[in-house]
Amino acid sequence: MRYAIYRCLYGEDFIQESIKSVIDHVDKVFVFWTNKPWGDTDRCVYKEEEVLFPDKFDNIVDKIKELNNPKIELVEAHTESPFGQLTHFVNDILLQRYKKPDTLIILEVDHVFREDQIIKALNDFEGGEAECATTRQVELWKTPKFRIPDRPSRCGTNFWNLQKLSKLPSTGTQGNIDGMHVLDVDVHNFGFCVSSKVM
């Protein structure tokens, strides 16, 4: 059994494409969402101007509901920090309510897989011995026509083998740990292509 999980505050631009790129390869997609930012804050300073955060950042939840797919579960959940957030969501919410999967895929809302790459990722990861692994990223710049140079230290989509673990260990900000095996696979990251409104 395979689950894909996301966590989001916003991200309506590419969430449908991201989910569609993996949904045929998983049994369930869990989206942990909140309208509250990390750090118990309600504003930021951008170009020397104070910006108050809106009550609702964008329509990501509505975009997910538009997919109308019974595999998708929306779960409202929040933590004050991104560190260990996904460990908490997996161990204290997902694994308490649902059957433990064999493979867990942790994506960001702007990660989109090409079909051959998600298939290769799953084949390589599930056919290997690693407890966890990550992918490389193709980080696109403003449009799909341009990319920024490779940043090898960037964590991509993460895969966890829960057949080998009773629960997720303490993780970093993306459900990652130091020294993760890197699969010979690319995920496209559209995070720098979001709309001006979202920016």
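Read-outs: derived from the displayed coordinates by stated rules, not from any lab. The structure presented is a predicted model; accordingly, all values stated were derived computationally and were not measured. Heads up, the Cβs are rebuilt from the backbone with ideal geometry, glycines too, and the neighbour counts pull from every protein chain shown.
Evaluated at q = 0.16 Å⁻¹, the base-10 log of the normalised Debye intensity for region 1-157, with identical point scatterers placed on the Cα atoms, takes the values -1.05.
Over the residues of the chain, the helix contribution to mean residue ellipticity at 222 nm works out to -4000 deg cm²/dmol, using -39500 (n - 2.57) for each DSSP H run of at least 4. Using a simple spin-label model with pseudo-atoms 7 Å out from Cα toward Cβ, Arg43 and Asp92 lie 3.0 nm apart.
Each pair of Cα atoms in region 5-90 enters the Kirkwood radius, and Stokes-Einstein at 4 °C and 1.567 mPa s then converts it into a translational diffusion coefficient of 91 µm²/s. Averaging 1/r across all pairs of distinct Cα atoms in region 102-156 and inverting the result yields a Kirkwood radius of 12.8 Å.
Computed over every Cα-Cα pair of region 78-199 and binned at 5 Å starting from 0, the pair-distance distribution P(r) comes out as 2, 11, 19, 21, 20, 15, 8, 4, 1 percent. Loop sites by DSSP among the GluC sites (Glu not before Pro) of the chain, restricted to those with at most 12 other Cβ atoms within 10 angstrom, leave 130-199 as the longest stretch without any of them.
Put simply, the amide H of Val75, placed in the peptide plane, has neighbours under 5 Å in Val31, Phe32, Trp33, leaving out anything fewer than 5 places away on its chain. Loop sites by DSSP among the chymotrypsin sites (Phe, Trp or Tyr not before Pro) of the chain, restricted to those with at most 15 other Cβ atoms within 10 angstrom, leave 99-199 as the longest stretch without any of them.
The alpha carbons of region 1-47 occupy a box of 43, 20, 12 Å along the principal axes, longest dimension given first.
State the Cα centre-to-centre distance between region 96-125 and region 132-197 in whole Å. So the separation of the two Cα centres works out to 11 Å. Extension gain for Val75 to Lys20 (0.36 nm times residue separation, less C-alpha to C-alpha distance): 17.9 nm.
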